[in-house]
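Accompanying notes for the structure given below.
Values in this text are rule-based calculations from the coordinates and carry no lab data. Since this is a predicted model, take the numbers as computed values, not measurements. Here the Cβ is made from the backbone with ideal geometry for all residues, glycine too, and neighbour counts use every protein chain on show.
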Amino acid sequence: MYFRNDIDKLKRDLSVSANLLGHELIFKTRWGLFSPRAIDDGTQLFMKYLDIKATDKCLDLGCGYGPIGLAVAKSCPQGEVHMVDKDFVAIEMANINSQINNIDNAYIYLSDAFINIEKTEHFDQILSNIPAKVGREQLSIILYDAYDALRPGGKITFVTINGLRDFIKNNFKSVFGNYKKLKQGQKYTISQAIKGQ
């Protein structure tokens, strides 16, 4: 339980340091955002299975305060990363974290999934740590929009709780015609599909 004299301290930004994709990064976070005290286990596992090329154009869907997207941006210096979230505080923090880490190839903006992503944008990779509470209807919308937003040969890679594993497998197969399980851990599964040529 907190008391009135704790509130000013609780309002201050938190700070998280992490090595992601071989890059030392610092993140400012706030209470109310996902995993504000540390990089969550799903993201940590996810990072071990990403293969980012220097020229990739990527989308981080539901970027939060930015750990996935900003680490990916550091890994594709000749490419770019679009980072979107529907939470304006997450977008504010991700922009701050982009500046703190001297990243200039990340474009961070408010969007409920693909709603504010231009239809002319096409990506080599779409990445997301999908929250379980997103719901099956929204996940279905996301997957079909992702298919349209990927270049031929582009990859979609999700980390989800194991409870969503079969749903993701079935829907990746339905939408993309293929599915690959990159890793299944104790709590999380990393799933990938490729858009046909």
Query raised in the report: In region 13-194, if every C-alpha pair distance is counted and binned at 5 Å from zero, what percent goes to each bin?
Result: 1, 9, 18, 23, 23, 16, 8, 2, 0
Requested in this report: For Asp104 and Lys187, calculate 0.36 nm times their separation in residues minus their Cα-Cα distance, and state this gained length in nm to one decimal.
Outcome: 26.5 nm
Query - Listed pairs Lys53/Lys173; Lys74/Lys181; Lys133/Lys155; Lys57/Lys133; Lys11/Lys195; Lys28/Lys169 exceeding 32 Å between Cα atoms - result: Lys11/Lys195; Lys28/Lys169
Query raised in the report: In percent, how large is the relative contact order of the chain, given Cα pairs closer than 8 Å and 6 or more residues apart?
Result: 16 percent
Query raised in the report: What's the exposure ranking of Val81, Val16, going from fewest to most Cβ atoms within 10 Å?
Result: Val16, Val81
Report task. Taking H placed 1.01 Å from N in the peptide plane, check which residues at least 5 places from His82 or on another chain put their amide H under 5 Å from its amide H. Result -> Cys58, Leu59, Asp60, Tyr107
Query raised in the report: Spin-label point model (7 Å from Cα, Cβ direction): what's the Lys173 to Thr55 distance in nm?
Result: 3.5 nm
Query raised in the report: For region 15-20, in order, what is each residue's ³J(HN,Hα) by Karplus, 6.51 cos²θ - 1.76 cosθ + 1.60 with θ = phi - 60°, in whole Hz (x at glycine and Pro)?
Result: 10, 10, 10, 7, 9, 10
Query raised in the report: Applying 1/(1 + (r/R0)^6) with R0 = 45 Å to the Cβ-Cβ distance of Asn116 and Arg4, what FRET efficiency is obtained, to the nearest 0.05?
Result: 0.70
Query raised in the report: Quick one: longest stretch of the chain between exposed loop GluC sites (Glu not before Pro), exposed meaning at most 16 other C-beta atoms within 10 Å and loop per DSSP?
Result: 1-117
Query raised in the report: Around Ser35, which amide H atoms from residues at least 5 apart in sequence, or from another chain, sit under 5 Å from its own amide H, with H modelled in the peptide plane?
Result: none
